1. If you plug each phi of the stretch 34-41 into the Karplus form 6.51 cos²θ - 1.76 cosθ + 1.60 with θ = phi - 60°, what whole-Hz ³J(HN,Hα) values come out, in order, with x for Gly and Pro?
2. Any lysines with Cα under 19 Å of the Lys23 Cα? List them, leaving off those in the same chain fewer than 8 positions away.
3. Would you mind ranking Met105, Met1 so that the residue whose beta carbon has the fewest other beta carbons within 10 Å leads the list?
4. First check a/c for the chain, with a ≥ b ≥ c the square roots of the eigenvalues of its C-alpha gyration tensor; if it is under 1.5, answer rounded, and if not, answer prolate when a/b is larger than b/c or oblate otherwise.
5. Taking the number of other C-beta atoms within 10 Å as the exposure measure, put Tyr86, Tyr100, Tyr78 in order starting with the fewest.
6. For the stretch 2-108, build the charge dipole from Cβ charges (+1 Lys, Arg; -1 Asp, Glu) around the Cα centre, then report which of Leu44, Ala106, Ala25 sits farthest towards its positive end.
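Derivation of every value follows stated rules applied to the coordinates shown; laboratory data play no part. Source: prediction; values computed, not measured. Backbone-built Cβ (ideal geometry, glycine too); neighbour counts: all protein chains shown.
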Amino acid sequence: MFGAFSDAELVGVAGLRIGEGRKEAHKGLLWGVFVRPRSRKTGLGRRLVETIIDFARTRVELIQLAVVSENEQARRLYAGLGFVEYGFEQKALKQDDRYYDEVLMAKDLKAD
């Protein structure tokens, strides 16, 4: 888990979970990316994801993620960093009585 701070305040986070066991140790899952609203549109989210990518390069071959399909800003960010859409999960999340679909994306670090 990586954090971004403004003075002593945590304003952004991003995590990487590396697969366990021999069959999944080659891939990581980017998760928990969040930037506080007042720190958005500053490039902070991009820097957090770039930090995850740099950290992952010597540890995994592939980074995967899932992003809510309606979150166009995040989808553009990930695509701009080389993540490619490879799938779609309907009703992946449910909050209250509303469902959210997710787009599945991946970045092949060996192809860079």
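1. Rounded to whole hertz, the list is 8, 10, 4, x, 6, 9, 6, 6.
2. Here the lysines satisfying the reach criterion relative to Lys23 are Lys107, Lys110.
3. Values: Met105 22, Met1 10.
With the fewest neighbours first, Met105, Met1 line up as Met1, Met105.
4. Working: a/c = 1.61, a/b = 1.07, b/c = 1.50.
Here the chain falls in the oblate category.
5. Values: Tyr86 10, Tyr100 15, Tyr78 25.
Exposure proxy ranking, most exposed first: Tyr86, Tyr100, Tyr78.
6. Result: Leu44, furthest along the dipole toward the positive end.
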